[in-house]
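As C-alpha cells, the structure follows; a few thoughts come after it.
The values are calculated or read from the model by the stated rules, or taken from the named source; none is laboratory data. Please read these numbers as outputs of a predicted model, since none were measured by experiment. Because the Cβ atoms are built from the backbone with ideal geometry, glycine has one as well, and the counts that use them run over all protein chains shown. Accessible surface is based on the protein model in full, side chains and every heavy atom, while ligands, DNA and RNA are left aside. Shrake-Rupley method; radii C 1.70, N 1.55, O 1.52, S 1.80 Å.
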Amino acid sequence: MKKVTKAVFPVGGMGTRFLPATKSIPKELLPIIDKPLIQYAVEEAIEAGIETLIFITSASKHAISDHFDPMPDLRAKFLSQKKYDLVEKLDTLPLEVKRVFIPQGQPLGLGHAVLQAESMIEDDEMFAVILADDFIQADINPLRRLIDIAEVNGRATISVEAVEESRISSYGVIAPGHWQDDFAAIDEIVEKPEVALAPSNFGVIGRYVLPQSVFAVLSQTQMDDNQEIQLTDALKQLININGLQAVKLAGQRFDCGSQEGFVLANLHVAMQDKKLNTQIKAYLSDC
Ligand code: G1P
C-alpha cells in the first residue's frame with residue numbers, strides 16, 4: 001500500500017460561533033496566542049509525513065492562502081537586520097510541501113467538503129483529513145499514530161476520546177468493539193446523537209485517515225435534515241464495506257469550534273510560557 005502523503009483540510013465552514021470576528025477572518029486563522037489554528041494543523045501534518053496539503057475552501061477564504069505565501073521582501077529585511085526569530089515566524093510552510101486549493105462551491109457539510117478532494121487521490125491511496133479547529137497538544141503526533149494503524153490493513157481509522165455527557169451531542173459518537181490498548185474496531189457510529197441514544201461516550205475528533213473508496217460512498221450519501229452531507233454517515237457505510245477503526249487520542253484536545261475550547265486552548269498554551277504564566281496567575285489572584 002502507498003504511504004499516506006496527502007491531507008485534506010476542510011476550511012470552508014462559516015465559523016458562525018465566532019461572528020463578528022469571522023466576517024473577514026476564517027475561523028481557522030484565529031490564533032492560539034500568536035499562531036493560527038491552521039498553522040498548528042499543517043505543522044502536525046508535515047511532522048506526520050504529509051507532503052501535499054489540500055485545502056477545501058469557500059470563496060471568502062483567500063486569507064488562508066495568503067498565510068502560507070512567502071513574503072520575500074519582509075524576509076530579506078528581517079535577515080538583513082539579523083532578526084532570525086522573526087524570519088522563522090514568517091516561514092509558515094516549507095517550500096517542498098505542495099499545496100492545493102479547491103473551492104467547495106456550496107457549504108453542504110463536512111462530507112461534501114471531503115468529496116471535493118476526490119480528483120487528488122489515486123485509487124489505491126489513503127489520505128488524511130484534519131479539522132483545524134480541533135487543537136491538540138500531545139507528545140505523540142496524533143495523525144502519525146492514525147497513519148501507522150491505518151497503513152497496516154488499509155482500513156479507515158479515526159481519532160476518538162471520551163467526552164463529557166454535556167458535549168456528546170456535538171460530536172460523532174462510536175460504539176467501539178474490544179479495546180486493545182488504544183485501538184478498537186468500530187461497530188457503530190452516529191453523528192451528534194442525543195445523550196440517551198449515544199452508543200458510548202467516545203466522541204470523534206477531527207483526525208481521520210480514509211481510503212479512496214470513501215468517495216464512492218460519499219457520492220451516494222444522502223443529505224441530512226440540515227441539507228448537509230455528513231462524513232459520519234459515509235463512515236457508517238464503510239463499517240460494512242471495509243471496516244472502520246478507532247484510536248484513542250493520547251493527548252489533550254481543545255474544541256476551538258466552541259468559545260470555551262478556544263479560550264482554554266489559549267490559556268493552556270499561555271501557561272506554558274514562563275512570563276505569561278506568572279502574569280495570568282497574578283491576574284487571576286486579583287479576580
Ligand atoms: C465534525 C464531525 C463530527 C466530529 C467533529 C470533531 O463536526 O461532523 O462527527 O465529531 O467534527 O470536531 P463539526 O465540528 O463540524 O460540527
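Results, tabulated for the structure shown:
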{"item": "Relative contact order computed over the chain (Cα-Cα under 8 Å; 6+ residues apart), in percent", "result": "22 percent"}
{"item": "Most positive-pole-ward Cα, P103, A132, P36, against dipole of the chain from beta carbon charges", "result": "P36"}
{"item": "For the stretch 96-108, Karplus couplings with θ = phi - 60° (6.51, -1.76, 1.60), whole Hz, Gly/Pro x", "result": "6, 7, 7, 9, 10, 10, 10, x, 7, x, 10, x, 10"}
{"item": "Reciprocal of mean inverse Cα separation for the stretch 1-52 (Kirkwood radius, Å)", "result": "12.4 Å"}
{"item": "Mean shadow area of the stretch 142-230, taken as a quarter of the surface of its Cα convex hull (nm²)", "result": "6.5 nm²"}
{"item": "Rounded percent of accessible protein surface that carbon and sulfur make up, the chain, 1.4 Å probe", "result": "52 percent"}
{"item": "Zone of A196's modelled label, taken as backbone nitrogen in the stretch 164-178 under 15 Å from a point 7 Å along Cα→Cβ", "result": "169"}
{"item": "Rounded D (µm²/s) - the stretch 221-287, Kirkwood Rh over Cα pairs, Stokes-Einstein at 25 °C, 0.890 mPa s", "result": "155 µm²/s"}
{"item": "Gap separating the Cα centres of the stretch 140-187 and the stretch 65-136, nearest whole Å", "result": "25 Å"}
{"item": "Between helix 231-241 and the chain: long-axis angle, C-alpha atoms, 0 to 90°, nearest 10", "result": "40 degrees"}
{"item": "Cα extents of the chain along the three principal axes, largest first (Å)", "result": "59, 47, 37"}
{"item": "Magnitude of the charge dipole, the stretch 133-186, Cβ model with Lys/Arg +1 and Asp/Glu -1, debye to 20", "result": "200 debye"}
{"item": "Angle between the chain longest axis and helix 37-47 axis [Cα atoms, degrees, rounded to 10]", "result": "70 degrees"}
{"item": "Longest DSSP-loop-exposure-free segment, trypsin sites (Lys or Arg not before Pro), the chain, at most 16 other Cβ within 10 Å", "result": "84-287"}
{"item": "Projected-area mean, the stretch 2-92, by convex hull of Cα positions, square nanometres", "result": "7.2 nm²"}
{"item": "Over the stretch 87-165: Rg over Rh, Cα atoms, Kirkwood Rh", "result": "0.99"}
{"item": "Cross-link pairs K27/K82; K248/K275; K23/K98; K35/K274; K27/K274; K27/K83 - those with Cα-Cα distance over 24 Å", "result": "K27/K82; K248/K275; K23/K98; K27/K274; K27/K83"}
{"item": "P(r), alpha carbons of the stretch 44-132 - 10 Å bins starting at zero, rounded %", "result": "14, 39, 30, 14, 4"}
{"item": "Computed magnitude of the charge dipole of the chain (debye, nearest 20; Cβ of K, R +1, Cβ of D, E -1)", "result": "880 debye"}
{"item": "Average accessible surface area per residue within the stretch 190-237, 1.4 Å rolling probe, Å²", "result": "46 Å²"}
{"item": "Beta bridges per DSSP with both ends in the chain, % antiparallel, nearest 5", "result": "60 percent"}
{"item": "On Cα atoms only, tilt of 259-271 relative to the major axis of the chain in degrees", "result": "50 degrees"}
